[in-house]
Amino acid sequence: MKKTIKPLTQLPAWKALAANHRQMEKRPLRKLFTDDPKRGERLTVEAVGLYLDYSKNRITDKTLQLLVQLARESNLGGRIDAMFHGDKINLTENRAALHVALRAPKSDMFIVDGENVVPRVHAVLEKMTTFSNEVRSGKWKGYTGKRITSVINIGIGGSDLGPVMAYEALKHYSDRGITFLFVSNVDGTDFAEATHDLDPAETLFIVSSKTFTTLETMTNAESARDWLVNGLGGDRKAVARHFVAVSTNETRVSAFGIDPTNMFGFWDWVGGRYSMDSAIGLSTMLAIGPEHFHEMLKGFREMDEHFRNAPFEVNMPILMGLLSVWNNDFLGAQTVAVLPYEQYLKRFPAYLQQLTMESNGKHVTFDGREVDYQTGPVYWGEPGTNGQHSFYQLIHQGTRLIPCDFIAFAHSLTPMGRHHDILLANVFAQAEALAFGKTPAEVKAEGTPTALVPHKVFEGNRPSNVIMADRLTPKVLGSLVALYEHSVFTQGVIWNIDSFDQWGVELGKVLAQKIVPELEASTTPTLAHDSSTNALIRRYRNGNKAHAARHPPTKRRQG
Ligand code: F6P
């Protein structure tokens, strides 16, 4: 039954947190650590192979207690149960958000609309396994009888970012005999560059799209089909050996010309940005093999169980979510920097951008009321140590507060001389420098000329989390992604927003569909936009016409 909850800012815990924040002004991190020498060991939590040190956040035990109280007053427990029970928690789309069923063992039950969906999940996993084994072993042949040496995933958003991130993150475990490429942008350059050196006879396309209507993906898929058919002598029968689809929309997949037997399905209760462990992960399974893929699912599952069962006080995703609410709503931080000290995680910040910002970039509550507090912060980041030589200056000495999530591993997958010690020394040093800084007295004591002292002072008191694991395995990646998924969910529950819809992407899509014919019209169209948009369209059309006049098609072909 739906529990009635007061508006967030009226909750007792929220008011108490506001008062707690006023007191915290006098208690910088330096003092909190001096007063409690064990803080750095105490304010940590370990679960399913991940260690989270959150001691360098601007909180006291009282703050933590109030944040947990806030979670209770917001009915987080009830909302977690509702998600795992397959309730339609995505209210505005009237859908369940049951990505946790994607990693359930066969023996589990997850019910959507009265049906246990776990057998369907496993049927798709088995189909993916058979196909992956065939492609990886060379049994699956292209139209001319050659084996597949290049796989291109065509998709965008959740149908791209998860697959790219996972491929890069788990490259160490991948089959190096196959090249994996990802085409997402409707900018033709993306497709042209990806296919530049490829032989169509050895190339497999995975068209990944939940809806199979997304403009970018369908445009790229059509170009891919032309490239393939032209490259293989014009026979459209070639498509069957070189195209597979991942989608929920069988009708559209067939209409495109892909045999539904070569389609890998998923369901409307899997949100795009929560789909990397569904059939959308087909490229991941092709790259790392079914066994590693199943290990990744195990990592997801273990974090799901931790999230569902651990008390709030020691629940890693809940703590991370609550700390993010604290930093965002009480400390006024507008962004979060995600800084993996692991080159293989170079696409992790980009992946998290969709997961976090498409989920929690909302300005109204479930019942349509405008919020009077901040919701989802901006996520961004780069791998360390590169970022240190670029934007860290602003994090250390700028005027904005930027909480950081550092991610590091005890062991390198590519050990080489002193590299890993140096890498890890840097991540520890950065978190230390941000928290404790350097006072004017310390700067002076180094003999710094007086005029330079203010420039060399580090205020410190900048919050960060450090997430550590033993090494980056498929299982650890699964747990790490699930950690952020559930942290995002926790934040959405506190803010009372729908973390599973994305209406904000619609307007631009609709307007673009209207503008395309205006750009392509052979006669001057009547434009009814604002003066700026009209002028831009005219400028583009004039430039194009001038270009076309200078380079008529026949001449271009010869060139
Ligand atoms: O435009 C946003 C979005 O709907 C995302 O939520 C989704 O991941 C992406 O587009 C791609 O959608 P599809 O998988 O249906 O092509």
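The values are calculated or read from the model by the stated rules, or taken from the named source; none is laboratory data. Because the structure is a prediction, the values reported are computed rather than measured. Ideal geometry is used to build each Cβ from the backbone, glycine not excepted, and the neighbour counts take in all protein chains shown. Remember, those area values only see protein heavy atoms, side chains included, never the ligands or the DNA or RNA. Shrake-Rupley method; radii C 1.70, N 1.55, O 1.52, S 1.80 Å.
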Do the conditions hold for Leu511, that is, is it under 29 Å from Lys88 (Cα atoms) and part of a helix (DSSP H, G or I)? no
Any residue at all in the stretch 362-370 that is of a type outside the set (Asp, Glu), farther than 27 Å from Phe182 by Cα and surrounded by 21 or more Cβ atoms within 10 Å (Cβ to Cβ)? yes
How many residues are among the hydroxyl-bearing types (Ser, Thr, Tyr) and without any contact (Cβ under 8 Å) to a residue 12 or more places away in the chain when one looks only at the stretch 383-415? 2
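Identify all residues within the stretch 196-215 that are open to solvent by less than 40 Å² (accessible area, probe 1.4 Å) and either within 16 Å of the ligand (Cβ to nearest atom) or among the aromatic types (Phe, Trp, Tyr) (or both); write none if there are none.
The initial filter retains those residues of the stretch 196-215 that are open to solvent by less than 40 Å² (accessible area, probe 1.4 Å), namely 198, 200-201, 203-210, 212, 214.
Phe205, Ile206, Val207, Ser208, Ser209, Lys210, Phe212, Thr214, listed by residue number.
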Taking into account only those residues within the stretch 486-500 that are touching a Gly at 6+ places or on another chain (Cβ under 7 Å) and in a loop (DSSP other than H, G, I, E, B), which is least open to solvent (accessible area, probe 1.4 Å)? Ser499
Being of a type outside the set (Phe, Trp, Tyr), assigned to a helix (DSSP H, G or I), open to solvent by less than 40 Å² (accessible area, probe 1.4 Å) and without any contact (Cβ under 8 Å) to a residue 40 or more places away in the chain narrows it down to one residue among Val427, Val443; which is it? Val443
Scan the stretch 222-257 for residues that are assigned to a strand (DSSP E or B) and either open to solvent by 50 Å² or more (accessible area, probe 1.4 Å) or touching a Ser or Thr at 6+ places or on another chain (Cβ under 7 Å) (or both) and jot them down. Val246, Ser247
Please enumerate the residues belonging to the stretch 12-70 that are open to solvent by less than 60 Å² (accessible area, probe 1.4 Å), among the acidic types (Asp, Glu) and in a loop (DSSP other than H, G, I, E, B). Asp36
Which of the residues belonging to the stretch 277-298 are part of a loop (DSSP other than H, G, I, E, B) and either open to solvent by 40 Å² or more (accessible area, probe 1.4 Å) or in contact with a Leu (Cβ under 8 Å, 6 or more places away or on another chain) (or both)? Asp277, Ser278
In the stretch 501-534, which residue that is open to solvent by less than 50 Å² (accessible area, probe 1.4 Å) and either among the aliphatic types (A, V, I, L, M) or touching a Gly at 6+ places or on another chain (Cβ under 7 Å) (or both) is farthest from Leu297 (Cα to Cα)? Leu527
When the stretch 254-287 is checked residue by residue, the ones that are more than 24 Å from the chain's Cα centre (by Cα) and more than 14 Å from Val124 (Cβ to Cβ) are Ser254, Ala255, Phe256, Gly257, Ile258, Asp259
How many residues are open to solvent by 70 Å² or more (accessible area, probe 1.4 Å), closer than 15 Å to Asn461 by Cα and of a type in the set (Gly, Ala, Ser) if we restrict to the stretch 386-415? 0
Test: residue in the stretch 138-145 that is in contact (Cβ under 8 Å) with a residue 12 or more places away in the chain and open to solvent by less than 10 Å² (accessible area, probe 1.4 Å): yes
Scan of the stretch 258-272 for residues that are open to solvent by 10 Å² or more (accessible area, probe 1.4 Å), under 27 Å from Ala192 (Cα atoms) and within 15 Å of the ligand (Cβ to nearest atom), ordered by number: Met263, Gly272
Please find, among Leu477, Leu483, Leu527, Leu472, the residue that is more than 16 Å from the ligand (Cβ to nearest atom), assigned to a loop (DSSP other than H, G, I, E, B) and within 25 Å of Thr356 (Cβ to Cβ). Leu472
When every residue in the stretch 328-350 that is within 18 Å of the chain's Cα centre (by Cα) and open to solvent by less than 10 Å² (accessible area, probe 1.4 Å) is compared, the one farthest from the ligand (Cβ to nearest atom) is Tyr341
For the stretch 71-126, what are the residues that are open to solvent by 20 Å² or more (accessible area, probe 1.4 Å) and of a type in the set (A, V, I, L, M, F, W, C)? Leu91, Met109, Ile111, Ala123, Val124
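Okay, residues lined up against (1) free of Cβ contacts under 8 Å to residues at least 60 places away in the same chain; (2) in contact with a Pro (Cβ under 9 Å, 6 or more places away or on another chain); (3) open to solvent by 20 Å² or more (accessible area, probe 1.4 Å):
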| position | (1), (2), (3) |
| --- | --- |
| Gly417 | yes, no, yes |
| Ile422 | yes, no, yes |
| Lys438 | yes, no, yes |
| Gly447 | yes, no, yes |
| Thr450 | yes, no, yes |
| Pro454 | yes, yes, yes |
| Ser464 | no, yes, no |
Index of the failed condition, Gln393 passing every other in (1) part of a helix (DSSP H, G or I); (2) touching a Pro at 6+ places or on another chain (Cβ under 6 Å): (2)
